Amino acid sequence: MKYIIFPCLIFSLAACDYMPLNSMEQKTCKEIAVSRLKHPASFDFISVSEKEIDRDQIEVKLNFDAWNDFKVPMLHSISCRYQGKNSHDLLSIRWNGRLIRQHELDEIRENLQ
């Protein structure tokens, strides 16, 4: 019995590293997160969630690890809110639980187009 359970556990945990980002909103949110990091090569994806908030608003939340200046992995999160599946309008971004400044959001919107 233990010879069956152990490989199944290992394969299921290994599959977590290969979870694809399905929607365009998730991919865009990941690009924004990587662009804001001081060490973008240290980006290590952990989890993603997507939910519909209000009428026609979608929120994507990514959790990931990234290095600080001392090469210590730190847990980060980014939450991107969009206006609907069809329009892809970026409404707001929360970086580690705090809203980013309006001028930073405007720069990100410009770079996305």
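Can we say residue 96 is of a type in the set (S, T, N, Q) and open to solvent by 50 Å² or more (accessible area, probe 1.4 Å)?
Judged against the criteria, residue 96 is a match.
Being of a type outside the set (A, V, I, L, M, F, W, C) and at pLDDT 95 or above is the filter here, so list the residues in region 60-72 that pass it.
61, 63, 65
With respect to residue 55, determine if the residue is farther than 22 Å from residue 104 by Cα and out of contact with any strand residue (DSSP E or B) (no Cβ under 6 Å at 6 or more places or on another chain).
Yes.
Across region 36-66, what is the number of residues that are in a strand (DSSP E or B) and either open to solvent by 80 Å² or more (accessible area, probe 1.4 Å) or not small (Gly, Ala, Ser) (or both)?
16
The values are calculated or read from the model by the stated rules, or taken from the named source; none is laboratory data. Since we're looking at a predicted model, the values are computed, not measured. When we count neighbours, we look across all protein chains shown, and the Cβ atoms used for this are built from the backbone with ideal geometry, even at glycine. Please note that ligands, DNA and RNA were not included when accessible areas were found on the heavy atoms of the full protein model with its side chains. Shrake-Rupley method; radii C 1.70, N 1.55, O 1.52, S 1.80 Å.
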